[in-house]
Amino acid sequence: MTMIAFIGLGNMGSGMCANLVKAGHDVRAFDLSADAVKRAEAAGAKGAPSAAEAVSGADAIVTMLPAGKHVRAVYETAIFPNASEGVLMMDCSTIDVATAKSVGEAAAAKGFLFVDAPVSGGVAAADAGTLTFMVGGPEAAFEQAEEFLSIMGKAVIHAGDPGTGQAAKICNNMLLGITMIGTCEAFALAEKLGLDQQRFFDISSKASGQSWSMTSYCPVPGPLEASPANRDYNPGFATAMMLKDLKLAMDAAATSGATTPLGAQAEALYAMFDGLGGRDKDFSAIYKLLQGSWSKA
Ligand code: NAD
């Protein structure tokens, strides 16, 4: 049995942690929230009183934290000083490429194996163990990480050098934000033109306008049973999360010199929607803003 430390037991981390327990691993769990630790204990993990105590003696470490500053702080103050020699570290948070690279470099300099392994798929996929992991890091670290990540996901893909897991994540989500807005605009225009939304879905999902935003996450109520659109746009993947990922993408575009005008538009539209009260709604609710029916209540 492998002893795994799991730090960050929020919406995503709680299900991921529970899946490692279900696979028979001895999991020591820590979160700043005592309630989150209690939930992990109820799922079979052992609660730890601090991140330092969770990682000491662990064979592998998983982190699932909000942003780069949390990841840097937890690794520098708790993980690096207390982890056993040569231990495997997997950061599954979505963070900026620069922090992922520098934490990865610091880990390697100390002789640890580190991968940045952000995920695609929301809370339902985290609970079901069907996430997609995009992994950056040395081959040796990837080979070891695959065993654990495949318990929590349906696909584990090696993106390349340290930081490329995060690069893949933000490029993917920039594309997702853009296709969602485009899909919403198309539905709003279809409606204005008197075209039935179900009929438009039936046609476009089999025509060249097809995308994941259309056929797996349709932003209008009706065509797809599982869409957040059918449950008052409760997330799912919240607008605040999409905006976070678009900001990461735009920061990375600015520092790398990439030209991403549609990414910038998507960021501006999601920032507007966030400001108008859409923050906690699913990101597909931007349809209501574009269609003209959004109201905060
Ligand atoms: P969350 O806010 O629900 O969970 C984060 C957890 O980290 C919280 O429980 C918080 O208490 C804990 N935490 C913060 N600082 C800590 C510290 N210093 N020590 C220990 N615990 C600490 O967020 P989430 O939705 O679980 O997302 C986690 C990461 O996954 C984020 O980077 C997010 O962008 C990414 N992500 C989220 C989704 C989604 O649909 N929610 C999908 C893909 C990726």
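The values are calculated or read from the model by the stated rules, or taken from the named source; none is laboratory data. Remember, predicted model here, so these are calculated numbers, not experimental data. Cβ atoms come from the backbone with ideal geometry, glycine included; neighbour counts cover every protein chain shown.
The number of residues in the range 251-264 that are in contact (Cβ under 8 Å) with a residue 24 or more places away in the chain, in a helix (DSSP H, G or I) and surrounded by 14 or more Cβ atoms within 10 Å (Cβ to Cβ) comes to 4. Scanning the range 107-122 for residues that are in contact (Cβ under 8 Å) with a residue 40 or more places away in the chain, more than 13 Å from the ligand (Cβ to nearest atom) and farther than 11 Å from residue 75 by Cβ returns 108, 115. Name the single residue, out of those in the range 229-272 being within 16 Å of the ligand (Cβ to nearest atom) and in contact with a Cys (Cβ under 9 Å, 6 or more places away or on another chain), that is farthest from residue 291 (Cα to Cα). Once the filter is applied, the top-ranked residue is 252.
If only residues of the range 46-67 that are within 13 Å of the ligand (Cβ to nearest atom) and under 21 Å from residue 153 (Cβ atoms) are counted, the one that is modelled with the lowest pLDDT is 66.
In the range 66-85, the residues that are not assigned by TED's automatic domain parsing to the domain that holds residue 31 form no Cβ pair under 6 Å with any partner that is outside any loop (DSSP other than H, G, I, E, B) and near the ligand (Cβ under 8 Å from one of its atoms), whether six or more places apart or across chains. The set of residues from the range 98-132 being touching a Lys or Arg at 6+ places or on another chain (Cβ under 9 Å), among the aliphatic types (A, V, I, L, M) and either assigned by TED's automatic domain parsing to the domain that holds residue 216 or closer than 14 Å to residue 170 by Cα (or both) comprises just one member, 119. Considering the range 126-154, the residues that are in contact with a strand residue (DSSP E or B) (Cβ under 7 Å, 6 or more places away or on another chain) and free of Cβ contacts under 8 Å to residues at least 24 places away in the same chain include one that is surrounded by the most Cβ atoms within 10 Å (Cβ to Cβ), namely 146. Residue 104 meets all of the listed conditions (1) surrounded by 14 or more Cβ atoms within 10 Å (Cβ to Cβ); (2) part of a helix (DSSP H, G or I); (3) within 10 Å of the ligand (Cβ to nearest atom) but one, namely (3). Filter the range 68-92 for residues that are in a loop (DSSP other than H, G, I, E, B) and touching an Asp or Glu at 6+ places or on another chain (Cβ under 8 Å); which is farthest from the ligand (Cβ to nearest atom)? Once the filter is applied, the top-ranked residue is 84.
Each row is one residue, and each column tells you yes or no for (1) part of a helix (DSSP H, G or I); (2) at positive phi; (3) of a type in the set (Ser, Thr, Tyr); (4) surrounded by fewer than 22 Cβ atoms within 10 Å (Cβ to Cβ).
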position: 177; (1), (2), (3), (4): yes, no, no, no
position: 182; (1), (2), (3), (4): yes, no, no, yes
position: 194; (1), (2), (3), (4): no, yes, no, yes
position: 200; (1), (2), (3), (4): yes, no, no, yes
position: 203; (1), (2), (3), (4): yes, no, no, yes
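With respect to being under 15 Å from the mean Cα position of the chain (by Cα) and aromatic (Phe, Trp, Tyr), residue 142 falls outside the description. Of the residues that make up the range 133-143, is at least one more than 16 Å from the ligand (Cβ to nearest atom), part of a strand (DSSP E or B), farther than 22 Å from residue 173 by Cα and touching an Asp or Glu at 6+ places or on another chain (Cβ under 9 Å)? Among the residues of the range 133-143, not one is more than 16 Å from the ligand (Cβ to nearest atom), part of a strand (DSSP E or B), farther than 22 Å from residue 173 by Cα and touching an Asp or Glu at 6+ places or on another chain (Cβ under 9 Å), which makes the answer no.
Scanning the range 220-250 for residues that are within 14 Å of the chain's Cα centre (by Cα), small (Gly, Ala, Ser) and surrounded by 21 or more Cβ atoms within 10 Å (Cβ to Cβ) gives 236, 238, 249. Filter the range 19-45 for residues that are in a helix (DSSP H, G or I) and either more than 13 Å from the ligand (Cβ to nearest atom) or outside the structural domain of residue 65 (by TED's automatic domain parsing) (or both) and give the result. The answer is 19, 20, 21, 22, 41, 42. Within the range 211-237, the set of residues being out of contact with any strand residue (DSSP E or B) (no Cβ under 7 Å at 6 or more places or on another chain) and within 19 Å of residue 174 (Cβ to Cβ) comprises 211, 212, 213, 214, 216, 217, 219.
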